[in-house]
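Enquirer: My questions all concern the structure below.
The values are calculated or read from the model by the stated rules, or taken from the named source; none is laboratory data. In this text, all values refer to a predicted model and were calculated from it rather than measured experimentally. Glycine also receives a Cβ, built like all others from the backbone with ideal geometry; neighbour counts cover every protein chain displayed. Accessible surface is based on the protein model in full, side chains and every heavy atom, while ligands, DNA and RNA are left aside. Shrake-Rupley method; radii C 1.70, N 1.55, O 1.52, S 1.80 Å.
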Amino acid sequence: MPTLCKPAVDVPEYVITLEETLKFAEKTHAGKPQLPLALRLIQNTGVKKRHIVQPIEKTLRHPGLEERNRIFEAESKKRCPPVIERALANARLTARDIDAIIFVSCTGFLMPSMTAWLINNMGFRTDTRQIPIAQLGCAAGGAAVNRAHDFCTAYPQSNVLIVSCELCSLCYQPGDDNIGSLLSDGLFGDAVAAAVVRGSGGTGVRLERNASYIIPHTEDWISYAVRSTGFHFQLDRRVPGTMEPLAPVLRDLAMSHGWDIGALDFYIIHAGGPRILADLSTFLGVDLHMFRHSWATLTEYGNIASAVVFDALRRQFEEDTMTEHATGVIAGFGPGITAEMAVGSWRTEAPAITADLRRQAVPATL
């Protein structure tokens, strides 16, 4: 079965703390009647700091969609390659061993996709499949894992590289003063993540079953309004309550695999906010401590969209407590309202022989 190897994650050098966020909000939206409520909501996110690609003073200007997208292209081309190199090293593979690249982002738009640029500039084979995912928002991390699983199932022995580039600060809109916008400007951060799903060999999460689910008639609860100033994030006040209908879906997925969702060994969950984790703890009967890695990502980086699940998984690797066959779940939630979920078990295995090594192998002679 395919194995999701240790992700690599990087965050930009500019940092904004909770205290700085509150001060900027007070200054930018002084006198607005909704400001006191927004400040309370931002304080309750649990986010202590975030990393962004530009100083906050520059981020809060309105350069227009064209300039913001230019920054996205330049920053993604600068920041993705070193993260990809680390992810390949974690999987003990090279660019030549990759058969498909899944690139996910909801914070910028490029055509051709970044996949083409990566193939041309990082030594990937010219027959590498390209799978860009642009409109699943925070759910795209889980979706990328699932599509990589599907690809490796359809093409056994293949290897898939996943790249998540979320520069959420390029979507901050200081002119928007509704509660959803004010909250999102204090919640989202920037990050780049990459991980490899190996068709054979590797150490990590052996992907065994995946599923998707959409809550009917909620497609306008999380959305973008695309305007001359860029992407304007729109958030319905009902979104924080979506774990109640999604928890049974997670439970059913685990049950269909013969597992009890409340008794797994690890939980890699997208942390859109503290209520998501608190509600899942309640509805699934799971101790909140089991979501510690998702919570740490939220606290230290904010909501980094599709990259959350990869950072939480990175932390699980670095904790180094998993034993062979430990069971777990990976889940991402986003616009739609969409859930992308997978269950799998931990495996530790010596690396398989790579394509280059197979070509170099010389039969032994007596």
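Enquirer: Specify the residue that is nearest to I102 (Cα to Cα); the eligible residues are those in the range 131-147 that are hydrophobic (A, V, I, L, M, F, W, C) and not in a helix (DSSP H, G or I).
Expert: Checking each candidate, the answer is I131.
Enquirer: Select from the range 1-23 the residues that are buried (at least 19 other Cβ atoms within 10 Å of the Cβ) and either hydrophobic (A, V, I, L, M, F, W, C) or not in a loop (DSSP other than H, G, I, E, B) (or both) and write down the one among them that is nearest to the chain's Cα centre (by Cα).
Expert: Among residues in the range 1-23 that are buried (at least 19 other Cβ atoms within 10 Å of the Cβ) and either hydrophobic (A, V, I, L, M, F, W, C) or not in a loop (DSSP other than H, G, I, E, B) (or both), the one nearest to the chain's Cα centre (by Cα) is V9.
Enquirer: Just to be sure before I move on: is Q135 modelled with pLDDT under 95, under 30 Å from L253 (Cα atoms) and open to solvent by 70 Å² or more (accessible area, probe 1.4 Å) in the structure I sent?
Expert: So Q135 fits the description; yes.
Enquirer: For the range 58-67, what are the residues that are part of a loop (DSSP other than H, G, I, E, B) and open to solvent by 60 Å² or more (accessible area, probe 1.4 Å)?
Expert: Listed by number, the residues that qualify are R61, H62, P63.
Enquirer: If you take the residues in the range 148-163 that are assigned to a loop (DSSP other than H, G, I, E, B) and at pLDDT 95 or above, which one is farthest from N90 (Cα to Cα)?
Expert: Y155
Enquirer: Determine, yes or no, whether K48 is of a type in the set (D, E, K, R) and either within 26 Å of S223 (Cβ to Cβ) or free of Cβ contacts under 8 Å to residues at least 12 places away in the same chain (or both).
Expert: no
Enquirer: Next question. For the range 244-256, which positions are in contact with a Ser or Thr (Cβ under 9 Å, 6 or more places away or on another chain) and in contact (Cβ under 8 Å) with a residue 60 or more places away in the chain?
Expert: Residue satisfying the conditions is A254 alone.
Enquirer: Considering the range 177-233 alone, what residues qualify as being in contact with a His (Cβ under 6 Å, 6 or more places away or on another chain), of a type in the set (S, T, Y) and open to solvent by less than 10 Å² (accessible area, probe 1.4 Å)?
Expert: Of everything in the range 177-233, nothing turns out to be in contact with a His (Cβ under 6 Å, 6 or more places away or on another chain), of a type in the set (S, T, Y) and open to solvent by less than 10 Å² (accessible area, probe 1.4 Å).
Enquirer: Right, here's the next one. Kindly state which strands (runs of 3 or more DSSP E) lie completely within the range 203-304 and contain at least 3 residues that are modelled with pLDDT of 90 or more.
Expert: Here the list reads 204-214, 266-269.
Enquirer: Let me spell it out: the conditions are (1) of a type in the set (D, E, K, R); (2) buried (at least 16 other Cβ atoms within 10 Å of the Cβ); (3) not in a loop (DSSP other than H, G, I, E, B), and R70 meets all of them except one. Which number is the exception?
Expert: So the condition that R70 fails would be (2).
Enquirer: The conditions are (1) out of contact with any Phe, Trp or Tyr (no Cβ under 8 Å at 6 or more places or on another chain); (2) open to solvent by less than 30 Å² (accessible area, probe 1.4 Å); (3) in a strand (DSSP E or B), and V83 fails exactly one of them. Which is it?
Expert: (3)
Enquirer: Against the condition among the acidic types (D, E) and out of contact with any helix residue (DSSP H, G or I) (no Cβ under 9 Å at 6 or more places or on another chain), how does D220 come out, does it pass?
Expert: yes
Enquirer: Given (1) under 25 Å from E300 (Cβ atoms); (2) modelled with pLDDT of 90 or more; (3) buried (at least 17 other Cβ atoms within 10 Å of the Cβ), where does T115 come up short, assuming only one miss?
Expert: Condition not satisfied by T115: (1).
Enquirer: May I pose another question? Considering only residues of the range 24-57 that are over 26 Å from H293 (Cβ atoms) and at pLDDT 90 or above, which is most open to solvent (accessible area, probe 1.4 Å)?
Expert: P55
Enquirer: Scan the range 302-324 and report the pairs whose first residue is buried (at least 24 other Cβ atoms within 10 Å of the Cβ) and whose second residue is of a type in the set (D, E), with Cβ atoms within less than 6 Å and a gap of 6+ or a chain change.
Expert: That search, which allows pairs on different chains as well, returns I304/E166; A305/E166; S306/E166; A307/E166.
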